[in-house]
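Visitor: Right, I'll just put the structure down here and ask away after.
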Amino acid sequence: MNKFTKVTEWLSAGNMASGFYLVEAPITKTTDKAVGFAAKKMNEFGNLKDSIMWVPKAKACEIHNDFYVNGPLKMFLIPEWIFSAKMREGFEF
């Protein structure tokens, strides 16, 4: 996994074209192997409900926000394939 340390490095590398998507949702839970982000998930009736989107720690890269004025100081990059899979499962931020 390409290790970025700052948002500006990710932006210089082409942002989403780098193969990583930026997640600024707050972390709600962690385990030894995963990070849980606050998200919404569509239920079987198409309604969004509060949920936790789990991403393996080995695939989530914590970076410092040195670019966005209104964003949190700590953000995460996750591979596009994981982000896309989570969106197909019905997750939204």
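Visitor: Arranged by the count of other C-beta atoms within 10 angstrom, fewest first, what order do Trp54, Trp10 take?
Guide: Values: Trp54 18, Trp10 22.
Placing the least packed residue first, the sequence is Trp54, Trp10.
Visitor: Right, here's the next one. Please give the length that would be gained between Thr30 and Arg88 if that part of the chain were fully extended, namely 0.36 nm times their separation in residues minus their C-alpha to C-alpha distance (nm, one decimal).
Guide: Numbers: separation 58, 0.36 × 58 = 20.88 nm, distance 2.26 nm.
Net length gain for the segment: 18.6 nm.
Visitor: Additional query: For the chain, with only Lys/Arg (+1) and Asp/Glu (-1) charged at the beta-carbon, what is the dipole magnitude about the Cα centre, in debye rounded to 20?
Guide: Numbers: 12 positive and 10 negative charges, 43 e Å.
Dipole of the chain, to the nearest 20 debye: 200 debye.
Values in this text are rule-based calculations from the coordinates and carry no lab data. This is a predicted model, so every value here is computed, not measured. Don't worry about glycine lacking a Cβ; one is built from the backbone with ideal geometry, like all the others, and counts go over all protein chains shown.
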